[in-house]
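Enquirer: This structure is in structure tokens; I'll ask about it shortly.
The values are calculated or read from the model by the stated rules, or taken from the named source; none is laboratory data. Everything numeric here is computed off the predicted structure, so don't read it as measured data. Counting neighbours? That spans all protein chains shown, and the Cβs are built from the backbone with ideal geometry, glycine included. Note: areas computed on protein heavy atoms with side chains; ligands, DNA, RNA excluded. Shrake-Rupley method; radii C 1.70, N 1.55, O 1.52, S 1.80 Å.
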Amino acid sequence: LAGARLVIELPSPDSSGGWHLSVLGADPDGNLVPVEVAIVDHPKLVDQLERVERLLPALKRPGAARRGQVILSQDEAWDLMSATGPLLVDIGFDVRVPAMSTKRVTPSLRLSAERTDETVVGARQLANVSWSALFGDAELSAADIARLSAQARPLVQSHGQWVELDKVDLQAAAAALAERANTTQMTGAQMLRQALGLEGTTLAGGTVIEGSSWAGELLDAARSLPTNPTVHPEGFGGTLRSYQAEALAWLGFLHTAELGGCLALDMGLGKTPVILSHLASVPGAGPTLVIAPPAVVANWAAEAARFTPDLQVVVHHGAGRADGDDLGEVVKEADVVITTYGTAVRDIDALADLGWDRIVLDEAQAIKNPASETAQQLRRLHSRTRLALTGTPIENGLGDLWSILDFTNPGLVGPRSTFISQLSHSSESRSNGAERALRALNGILVFRRTKSEPAVAAELPERIDQLDHCSMTPEQIGLYQAVLDAVVARSEGSADERAQRQGHILAAITALKQICDHPAAYTGDDGPLDGRSGKLQRLDEIVDSVFEADERVLVFTHFASWGQRLADHLTERTGQKVSCYHGGLARGTRDAIVKEFQEGTGPGALVLSLKAGGTGLNLTAANHVVLFDRWWNPAVEDQARDRAWRIGQTRTVVSHRLVCPGTVDERVEDVVADKRRVANLVLPRSSSLADLSGEQLQSALGIDRTLLITEDDPDTTDQTMAEATITEETT
């Protein structure tokens, strides 16, 4: 059949855009010639030609120059490439058509830039710009798009294949180009906002910057970060996990570009060691100011001493802190100065007069309200770059993220309203919009990693134990001192029998622990719970983070009645039913609570009394455990934590222990940690509580005001508490 087989040939269109279809046959020498010529030597080709013409009716269209040749429309050409051509091949014809693809091509914008002034650098640098649309590697002007939109089946060649363009995509590209038609010059900041989808009509494929510009070079540098960065950075006495090493490389990129950014690692993933490794390995031109909630200050100092002992660290907090000229002298000798939000606001005039290389905000949700006093005052600080650390960059909405990013890079991300509208769609849920926003910014102005990512989860230990230092409110301190004064007064009287004195002291210890939990846990009052306890504030923050991650949490307390109040509080706050599992419930009710929690999906919480829920239960639906108050026996606490950390648990369990430093709460922690500070201070090992004098009771149970944490910040509603100390040996 070599000489009697027809070839249907459709080359790509010529310069005029015409699709020339030819039916060819072989001449006596085997060369392909028009079918009319080939028929002379092979009359049997007539039957084949008629068969082809029945399958390709366009060949019989009047007006053709010769039989077997015709100019096809784009619609007819696409039909031959996609449908009729394969059919002709199946029945024995040789079909030669251009490569085609049925995959949809994602459109994007191309911003071609050429800088106009080499003397200006950074975000203010101007560049001349021009715009086009990209469909694959096919670049289209506004005129090209208008022409294609008028065609019944718009086709372009991309990556060597012909593809059909979606009319909706063409309309979107036309609108985007029309919106930018008069924009011929832009600053680096404007171009970066375009590339990040923060300004103007966006296309599904985003915006590609080409040519010479600050924004283009910045994005190229972000894409060129090392894929296997070092886990042993210079000056850091520890080993970073791989995602921490990636975060460190990103911080180095920001340092070089003199940009700020938001390090948004999930709770428990170790943000503090990442920043310390950055400060040690990339020395700045001056000191770094770290601003954190009061409970985190000691943790920062301890982590610095552990991992970066060569850094000179100064804690600027408390009544004895330096001020005026003395502060300037102290700062000159320091690599890192650590202070609280409240202290920073009070000392803002002195701090703003000093030259900082970097400013680091820990638990940066503290500035999520840009109108708050804290956010406004901290903007007065001057530094080369600013960094924000948070596990929850978007708590209530995209406005939270804007406030953080506008602090780290003032003006760079544009107006708040535009930022929110650009990164959200009315059809999206809050969580979907938030995740889409973080994906758009990730690796540039934000570094986001979560425990749910397989690569991160694979590096985490099975359990992370965290000690959360919580503040005491004035109400708690007043109640605490009143109870202590009463028990000391009883100890000085001679009428009480030894057993009675011991009972009073034990009752006082219980009362003091309740006061550390919440005033209402001690008084039993029906007043509102918010704003009265640092522990409750910390619990709310943990629950917010857990629910944001679509996870579940167990909350253990020694006091059953207080547990019910907690469950009611969390139910009202989260809008989801939170039950309290305690010994006063019937067996069937308790079983139903466990079954409902274990079989539930999505975020959830369950409050349990330590006695009733500490053993025997399988609650692997949760991967967070909060020990709201402390028990003297560490085995009891371990059993409670192990309700989630047991066979069947597939995720890392994060255990939070809430402690009020400087109180009986911390004495319990000392005993549990086997430090035995109480016994060493006041008791021979054979002594009894009844033998303690008033002075000894004050020493053993009284408030240590050098350790006590009070919420000293002016914007308590905008402030979050500590990111807990990770007590594992590795970071």
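Enquirer: Would region 374-429 count as rounded, prolate or oblate if I go by the C-alpha gyration tensor, calling it rounded below 1.5 in a/c and otherwise prolate when a/b exceeds b/c, oblate otherwise?
Expert: Prolate, since a/c reaches 1.5 and a/b exceeds b/c.
Enquirer: Moving to a separate point now. Can you tell which of A344, G399, V7 lies farthest toward the positive end of the dipole of the chain, using +1 and -1 charges on the Cβ of basic and acidic side chains (Lys, Arg; Asp, Glu)?
Expert: V7
Enquirer: Could you state how much accessible area S372 has, in square angstrom rounded to the nearest 10, with a 1.4 Å probe and all protein chains kept in place?
Expert: The accessible area of S372 comes to roughly 10 Å².
Enquirer: Convex hull over the Cα atoms of region 1-122, averaged projected area in nm²?
Expert: 12.4 nm²
Enquirer: Sticking with this structure for a sec: Find the all-direction average of the projected area of the Cα convex hull for region 167-270, expressing the result in square nanometres with one decimal place.
Expert: Mean projected area of the Cα convex hull: 9.2 nm².
Enquirer: Still on this structure, please answer the following. GluC sites (Glu not before Pro), restricted to region 178-283: which are DSSP loop and have at most 10 other Cβ atoms within 10 Å?
Expert: The qualifying sites are E234.
Enquirer: Now for a different question. Suppose the chain between A305 and I91 were pulled fully straight at 0.36 nm per residue; how much longer would it get relative to their current alpha carbon spacing?
Expert: Between A305 and I91, full extension yields an extra 69.1 nm.
Enquirer: Determine the sum of side-chain charges near Q598: Lys and Arg each +1, Asp and Glu each -1, restricted to other residues whose C-beta is under 12 angstrom from that of Q598.
Expert: 0
Enquirer: Write down the radius of gyration of region 547-593 and its Dmax, each obtained from C-alpha positions, in Å.
Expert: Spelled out, the Cα radius of gyration and Dmax of region 547-593 are 11.4, 33 Å.
Enquirer: Take the Cβ-Cβ distance between T589 and E258 as r, set R0 to 60 Å, and report the resulting FRET efficiency rounded to the nearest 0.05.
Expert: 0.50
Enquirer: Quick one: dipole size for region 1-135, taken about the Cα centre, charges +1 on Lys/Arg Cβ and -1 on Asp/Glu Cβ, in debye to the nearest 20.
Expert: Dipole of region 1-135, to the nearest 20 debye: 400 debye.
Enquirer: Quick check: pseudo-label points 7 Å beyond the Cα along Cα→Cβ at S12 and E459, how many nm apart are they?
Expert: For the pair S12/E459, the computed spacing is 4.4 nm.
Enquirer: Right, something else. Take A65 and R5, extend 7 Å from each Cα along the Cα→Cβ direction, and tell me the distance between the two endpoints in nm.
Expert: Rounded to a tenth, the inter-label distance reads 2.8 nm.
Enquirer: Considering all projection directions equally, how large on average is the shadow of the alpha-carbon convex hull of region 307-460, in square nanometres?
Expert: Over all viewing directions, region 307-460 projects a mean Cα-hull area of 11.2 nm².
Enquirer: As a test of the formula, what do you get for the chain when each DSSP H run with n ≥ 4 contributes -39,500 (n - 2.57) and the sum is divided by the residue count, at 222 nm and rounded to the nearest 500 deg cm²/dmol?
Expert: Estimated from H runs of four or more residues: -11500 deg cm²/dmol.
Enquirer: Further question on the same structure: So if R0 is 22 Å, what FRET efficiency would S130 and T418 give, r being the distance between their Cβ atoms, rounded to the nearest 0.05?
Expert: After rounding to 0.05, the efficiency reads 0.40.
Enquirer: Further question: Taking the full set of protein chains and a 1.4 angstrom probe, give the accessible area of I593 in square angstrom, rounded to the nearest 10.
Expert: For I593, solvent-accessible area is about 20 Å².
Enquirer: Picking from P287, L80, F307, whose Cα lies most toward the positive end of the charge dipole for the chain (charges on Cβ: Lys, Arg +1; Asp, Glu -1)?
Expert: Farthest towards the positive end: L80.
Enquirer: How much net charge surrounds G237 when only the other residues with a Cβ under 10 Å from the Cβ of G237 are counted, with Lys and Arg +1 and Asp and Glu -1?
Expert: Cβ neighbours under 10 Å give a net charge of 0.
Enquirer: Quick check: pseudo-label points 7 Å beyond the Cα along Cα→Cβ at A371 and D27, how many nm apart are they?
Expert: Label at A371, label at D27, 8.6 nm between them.
Enquirer: Could you tell me which trypsin sites (Lys or Arg not before Pro) in region 151-246 are loop residues by DSSP with no more than 11 other beta carbons within 10 angstrom of their beta carbon?
Expert: Answer in residue order: no site qualifies.
Enquirer: Right, here's the next one. In the neighborhood of Q639, defined by Cβ-to-Cβ distances under 11 Å, what is the net charge if each Lys or Arg adds +1 and each Asp or Glu adds -1?
Expert: So the environment of Q639 carries a net charge of +1.
Enquirer: In cubic angstrom, how much convex hull volume per residue do the alpha carbon atoms of region 63-110 span?
Expert: 129 Å³
Enquirer: Once the convex hull of the alpha carbons of region 232-337 is built, what does its volume come to per residue, in cubic angstrom?
Expert: Spread over its residues, the Cα hull of region 232-337 gives 112 Å³ apiece.
Enquirer: In units of 2.2 N^0.38 Å, what is the alpha-carbon radius of gyration of region 456-602?
Expert: The value comes to 1.29.
Enquirer: Just the ratio, please: alpha-carbon radius of gyration of the chain over 2.2 N^0.38 Å, N its number of residues.
Expert: It is 1.31.
Enquirer: Quick check for me: using +1 on Lys/Arg Cβ and -1 on Asp/Glu Cβ, what's the dipole size of the chain about its Cα centre, in debye to the nearest 20?
Expert: 1500 debye
Enquirer: Counting other Cβ atoms within 10 Å, which GluC sites (Glu not before Pro) in region 497-599 have at most 13 and lie in a DSSP loop?
Expert: E497
Enquirer: How high is the relative contact order of the chain, in percent, counting Cα pairs under 8 Å that sit 6 or more residues apart?
Expert: That works out to 11 percent.
Enquirer: Relative contact order for region 557-651: what is it in percent, counting Cα pairs under 8 Å that are at least 6 residues apart?
Expert: 30 percent
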